[in-house]
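Colleague: I have a structure I would like to understand better, so I am pasting it below and will then ask my questions one at a time.
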There are 2 protein chains.
Amino acid sequence: MKLTTSFIVGIATLSISSMTFAAGDVAAGKAKSAVCATCHGAEGIAIMPAYPNLAGQNAEYLQAALKSYRDKQRQGGMAAVMQMQATNLSDEDIANLAAYYSSLK
Amino acid sequence: MKLTTSFIVGIATLSISSMTFAAGDVAAGKAKSAVCATCHGAEGIAIMPAYPNLAGQNAEYLQAALKSYRDKQRQGGMAAVMQMQATNLSDEDIANLAAYYSSLK
């Protein structure tokens, strides 16, 4: 029952998030990724286990995560670092970075 | 300069997070993962692009993420769903789930 409720909420939230998803440009994302590579690695494999690997992650999820950091909605863990990094990213930057990391294996 | 500052904050936060990291049990994590699989897939590859893939993700990061959801520190995106799912997870459950998903390819 709990699962069913969660799933319905999930679908409802998904519908909202899908409306704001725009595909990004891989090359532009790569060009913007130098700072990210400091922690997440040149190929999207994190340099330390406290950081997430980004290679092959779903672009739509990555966009939502970056926007949540930028909007200071994501707290806890390493969120303070990511909030700072995401502060000056536009929606387009975020879409491009997400497309780039999603494209890596 | 901004990068340097962020990196120092990152290292400081990492030191704190490392102190609370405990390795989990893969088999126990797998046994607990049935609900997670509804969205994140039976093998940790998400069923929809709004959800993150978990296969091969760093266990330490996964633990921090799950605890941030459980403690309602992570907002935005699909956080409402994850907050609900994580509510009843113990630190041991979280360590086991992180170990399991980290072990997948």
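The values are calculated or read from the model by the stated rules, or taken from the named source; none is laboratory data. Please read all numbers here as calculations on a predicted model, not as lab measurements. Glycine gets a Cβ as well: all are built from the backbone with ideal geometry, and neighbour counts include every protein chain shown. Heads up: the accessible areas ignore ligands, DNA and RNA and are worked out on the full protein's heavy atoms, side chains in. Shrake-Rupley method; radii C 1.70, N 1.55, O 1.52, S 1.80 Å.
Colleague: Let me confirm one metric for peptide B:37-48, namely the mean number of other chain beta-carbon atoms within 10 Å of its residues' beta-carbons.
Modeller: Whole-number average of other-chain Cβ neighbours for B:37-48 is 2.
Colleague: Another question, then. Nearest 20 debye, what's the magnitude of the dipole of segment B:23-103 about its Cα centre given +1 on Lys and Arg Cβ and -1 on Asp and Glu Cβ?
Modeller: 220
Colleague: Would you mind counting up the charge near residue A:90? Only other residues with Cβ under 14 Å from its Cβ, with Lys and Arg at +1 and Asp and Glu at -1.
Modeller: -2
Colleague: Same structure, new question: Across peptide B:57-68, how many C-beta atoms of other chains are within 10 Å of each residue C-beta, on average?
Modeller: 5
Colleague: Can you list residues from other chains, or at least 5 along the same chain, whose modelled amide H is less than 5 Å from the amide H of residue A:74?
Modeller: So residue A:74 has HN proximity to A:69, B:75.
Colleague: Please compute P(r) over all alpha-carbon pairs of segment B:23-103, binned at 5 Å starting from zero, and give each bin as a whole-number percent.
Modeller: In order of increasing distance, the bins hold 3, 18, 27, 31, 18, 3, 0 percent.
Colleague: By the scheme Lys and Arg +1, Asp and Glu -1, what is the net charge of all other residues having a beta-carbon under 15 Å from that of residue A:63?
Modeller: -2
Colleague: Taking a 28 Å limit on the Cα-Cα distance, which of the listed pairs A:72/B:67; A:32/A:105; A:105/B:30; A:105/B:72; A:32/B:32; A:67/A:105 fall beyond it?
Modeller: Going by Cα-Cα distance, A:105/B:72; A:32/B:32 fall outside the 28 Å limit.
Colleague: Give the ranking of B:60, B:92 by solvent-accessible surface, highest area first, calculated with a 1.4 Å probe.
Modeller: Descending accessible area places them as B:92, B:60.
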